[in-house]
Amino acid sequence: MAKKTIANVDVAGKCVLIRVDFNVPLDENGNITDDRRIQMALPTIKSVLDRGGRVVLMSHLGRPKDAPDAKYTLKPTAVRLGELIPNQVYFATDTVGEDAKAKVASLKNGEVVILENLRFQPGEKKGLADFAEQLASFADIYVNDAFGTCHRTDASMVAVPNSMGAKPKVCGFLVEKEIKYLTDAISNPKRPFVAILGGAKVSDKIMVIKNLLGICDKVLIGGAMAYTFSLAQGGKVGKSLVEPDKVELAKELLASGGDKLVLPVDTNAGDDFKADCNKMIIAAGQIPDDYEGLDIGPETAKMYADIVKNAKTVVWNGPMGVCEMPPFDAGTKAVAQAIADSDSISIIGGGDSAAAIQQLGFADKVSHVSTGGGASLAMLEGQKFAAVEALDDVA
């Protein structure tokens with residue numbers, strides 16, 4: 001998947017349309033509570049500006065219903081970007097309307113305009129060609145630097161590059177890094193290669209588990225999906241979150257995985273879903289009827305840490321327990337600590353795993369923290385992305 005990057009293109013005097021992921025969290029007053037996604041896009045944006053180009057940024061934010069909604073305006077991102085870079089940053093009050101056209105037309109080299117939320121237009125989610133052509137007409141070069149939406153076929157991801165004709169269509173530095181880490185991990189991993197998968201549902205990660213069992217040396221299971229596997233082995237799971245309709249599938253994965261598939265040996269269980277409930281550490285598959293499993297137990301945490309210690313490549317996606325509620329965050333913390341302490345190539349999937357690594361202060365002790373939960377899972381499943389296929393190949 002060797003694709004050209006923005007570094008391979010002459011941008012001097014050119015207008016560069018960059019699809020970024022500025023889907024940042026906002027508080028009730030519209031203030032950005034975490035600007036990491038804006039920070040991650042800065043190297044690509046600065047590369048264009050520093051080399052004499054001008055930048056048009058497009059992104060979605062939240063889930064508006066194909067129409068303008070003040071709650072989801074991208075204006076706060078324009079304000080924040082203006083604080084992070086010395087260049088002039090403008091905001092267009094529409095996406096492909098009169099204000100956007102006027103601001104793009106008057107943009108000078110070294111300046112930036114952010115278009116209003118793509119999802120205010122029905123053409124974005126529907127992938128409509130006429131909407132894409134209007135966006136494509138703004139620019140001389142298209143850049144995809146939004147890994148978090150690379151698995152989607154929205155207009156800005158697929159139809160826009162397809163509407164650019166012979167104009168350059170390249171990836172930004174963030175997408176380049178994501179693809180490199182995730183594809184290299186799967187196609188040519190240093191071994192032992194260990195995957196750690198957590199979260200609530202087996203159904204969310206079936207294809208990932210199947211794909212990784214064919215590639216990894218060990219696949220460690222945590223989170224609530226461990227209880228569906230436990231049920232498949234005839235264990236008692238009490239009030240634990242399980243998927244009874246996925247038990248047969250879990251049995252198939254157990255049979256095909258053999259000793260590659262590693263399950264918890266003990267569980268930290270509680271009699272209620274709250275921090276001050278009655279708790280017990282109990283053998284996996286032995287949870288009483290009035291208790292539910294809320295985290296892997298200490299023996300499992302130690303076992304998983306020992307496996308990680310000897311790994312050369314580690315991929316982690318999904319927490320080991322209720323990571324937002326102590327003391328049921330202990331398993332997730334133990335796994336994060338083990339990964340941070342190892343000398344492996346370590347790739348952390350998006351979502352809760354990425355948040356845990358950041359909150360524990362380990363982000364600089366792992367090789368790569370993915371910006372896209374859904375996209376990183378899709379890549380670990382071995383999916384091809386139309387949004388990436390549409391970009392120019394390295395000759």
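The values are calculated or read from the model by the stated rules, or taken from the named source; none is laboratory data. These numbers come from a predicted model, not from an experiment. Positions of Cβ are backbone-derived with ideal geometry, glycine not excepted, and every protein chain shown enters the neighbour counts. These accessible areas exclude ligands, DNA and RNA; they are computed on the full protein's heavy atoms, side chains included. Shrake-Rupley method; radii C 1.70, N 1.55, O 1.52, S 1.80 Å.
So the values come out like this:
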| item | result |
| --- | --- |
| One residue from 281, 307, 287 being more than 20 Å from residue 202 (Cβ to Cβ), hydrophobic (A, V, I, L, M, F, W, C) and in contact with a Lys or Arg (Cβ under 7 Å, 6 or more places away or on another chain) | 307 |
| Count - residues of region 179-209 that are out of contact with any strand residue (DSSP E or B) (no Cβ under 8 Å at 6 or more places or on another chain) and either closer than 30 Å to residue 121 by Cβ or not in a helix (DSSP H, G or I) (or both) | 4 |
| Subset of region 254-283 that is assigned to a helix (DSSP H, G or I) and among the aliphatic types (A, V, I, L, M) - its residue that is least open to solvent (accessible area, probe 1.4 Å) | 254 |
| Residue 353 vs. criteria of a type in the set (S, T, N, Q), part of a strand (DSSP E or B) and open to solvent by less than 10 Å² (accessible area, probe 1.4 Å) | no |
| Count - residues of region 74-83 that are open to solvent by less than 40 Å² (accessible area, probe 1.4 Å) and part of a helix (DSSP H, G or I) | 5 |
| Identity of the residue in region 234-253, aliphatic (A, V, I, L, M), outside any loop (DSSP other than H, G, I, E, B) and under 27 Å from the mean Cα position of the chain (by Cα), that ends up surrounded by the fewest Cβ atoms within 10 Å (Cβ to Cβ) | 249 |
| Sole residue being out of contact with any helix residue (DSSP H, G or I) (no Cβ under 7 Å at 6 or more places or on another chain), of a type in the set (Val, Ile, Thr) and either more than 26 Å from residue 148 (Cβ to Cβ) or buried (at least 24 other Cβ atoms within 10 Å of the Cβ) (or both), chosen from 348, 339, 307 | 307 |
| Top-ranked residue in region 213-233 [being among the aliphatic types (A, V, I, L, M) and surrounded by 21 or more Cβ atoms within 10 Å (Cβ to Cβ); ranked as nearest to residue 295 (Cα to Cα)] | 224 |
| Residue check, residue 315 open to solvent by less than 30 Å² (accessible area, probe 1.4 Å) and at pLDDT below 95 | yes |
| Filter pass, residue 17 being assigned to a strand (DSSP E or B) and either in contact with a strand residue (DSSP E or B) (Cβ under 6 Å, 6 or more places away or on another chain) or modelled with pLDDT under 95 (or both) | yes |
| Filtered residue count, region 20-42, keeping only those that are open to solvent by less than 70 Å² (accessible area, probe 1.4 Å) and not in a loop (DSSP other than H, G, I, E, B) | 5 |
| Subset of region 106-117 that is touching a helix residue (DSSP H, G or I) at 6+ places or on another chain (Cβ under 7 Å) and not hydrophobic (A, V, I, L, M, F, W, C) - its residue that is least open to solvent (accessible area, probe 1.4 Å) | 117 |
| Qualifying residue in region 97-117 (condition: closer than 16 Å to residue 15 by Cβ, hydroxyl-bearing (Ser, Thr, Tyr), out of contact with any Pro (no Cβ under 7 Å at 6 or more places or on another chain) and at pLDDT 95 or above) | yes |
| Region 180-194, residues that are open to solvent by less than 10 Å² (accessible area, probe 1.4 Å) and modelled with pLDDT under 95 | 182, 185 |
| Members of region 361-395 found to be open to solvent by 20 Å² or more (accessible area, probe 1.4 Å) and in a helix (DSSP H, G or I), listed by number | 363, 364, 365, 373, 374, 377, 386, 389 |
| Unique residue being surrounded by fewer than 16 Cβ atoms within 10 Å (Cβ to Cβ) and in contact with a strand residue (DSSP E or B) (Cβ under 9 Å, 6 or more places away or on another chain) when the list is 65, 103, 71 | 71 |
| Given (1) surrounded by fewer than 24 Cβ atoms within 10 Å (Cβ to Cβ); (2) assigned to a helix (DSSP H, G or I); (3) touching a strand residue (DSSP E or B) at 6+ places or on another chain (Cβ under 8 Å), number of the condition residue 333 does not satisfy | (3) |
| Hits in region 361-392 (condition: among the hydrophobic types (A, V, I, L, M, F, W, C) and modelled with pLDDT of 85 or more) | 362, 363, 366, 369, 385, 386, 387, 388, 390, 391 |
| Residues of region 89-136 that turn out to be among the aliphatic types (A, V, I, L, M), within 20 Å of residue 21 (Cβ to Cβ) and out of contact with any His (no Cβ under 8 Å at 6 or more places or on another chain), as a count | 11 |
| Qualifying positions in region 118-174 - open to solvent by 40 Å² or more (accessible area, probe 1.4 Å) and of a type in the set (Phe, Trp, Tyr) | 173 |
